[in-house]
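What follows is a short report on a single structure.
The values are calculated or read from the model by the stated rules, or taken from the named source; none is laboratory data. Note that the structure is a prediction, hence the values are computed from the model and not measured. In this analysis, Cβ positions are derived from the backbone assuming ideal geometry, glycine residues included, and neighbour counts consider all displayed protein chains. Areas reflect the complete protein model, heavy atoms only, side chains present, ligands, DNA and RNA absent. Shrake-Rupley method; radii C 1.70, N 1.55, O 1.52, S 1.80 Å.
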Amino acid sequence: MPDTILLTLQVNGARRTVETHPMARLLDVLREGLRLTGTKEGCGEGECGACTVLLNGRVVNSCLIPALQAQDAVVVTVEGLAGGEALSPIQDAFLTHNAAQCGFCTPGMLMAADDLLRRCPNPDREQVREGLAGNLCRCTGYSKILDAVQAVARQGEGK
Ligand code: FES
Ligand code: FES
């Protein structure tokens, strides 16, 4: 097995090529190879959702994805949610509703919430709970996060 491989993928709309270890995880490629440190490592075992990104349009835990699986893939990280300086509707709502918690859980929560609103533009409280079930925070409550997601839904901006 070679020491390094060249991986090419499209990240947040830009084609990127990065040299990485053949056994690296997508999370390592994003954080260390591409310096996209918005995606966080919490548990490293697929339990907490801190590392959530979109891979070919599907929400995944990037700590569980071998980097090789991302060859030629389309990846969106939390850095790709905003349009330049403008926050996305869900980022804006997290701020307005004081739903942004620590820097570890918030990026993953935003990615999961954004994905939920695309799949289900007008979720009820239970659907939001289910949509965020893979994203854990043991520090505080979830009610402000649920409020923020439903506020975006009410604005009709989650489509
Ligand atoms: S770091 Fe990936 S799920 Fe916790
Ligand atoms: S893990 Fe982020 S506030 Fe609890």
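Listed values, structure above:
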quantity	calculated
Using alpha-carbon coordinates, inclination of helix 105-119 to the longest axis of the chain, degrees	70
Surrounding net charge for LEU27, when Lys and Arg each add one and Asp and Glu each subtract one, Cβ distance under 10 Å	0
For the chain, accessible area per residue (1.4 Å probe, heavy atoms of protein chains only), Å²	51
Nearest-ten-degree value, helix 143-155 long axis tilted from longest Cα axis of the chain	80
Percent accessible area from carbon and sulfur atoms, the stretch 24-159, protein chains only, probe 1.4 Å	49
Residue order for CYS63, CYS43 - accessible surface, 1.4 angstrom probe, largest first	CYS43, CYS63
Euclidean distance between Cα centres, the stretch 62-123 to the stretch 6-23, Å	19
Accessible area in the full protein assembly, largest first, 1.4 Å probe, for MET109, MET23	MET23, MET109
Shape of the chain, Cα gyration tensor, a/c cut at 1.5	prolate
Gain on full stretching of the segment that runs from GLN71 to ALA133 - 0.36 nm per residue minus C-alpha separation	19.5 nm
Accessible area, probe 1.4 Å, largest first, for residues PHE104, PHE94	PHE104, PHE94
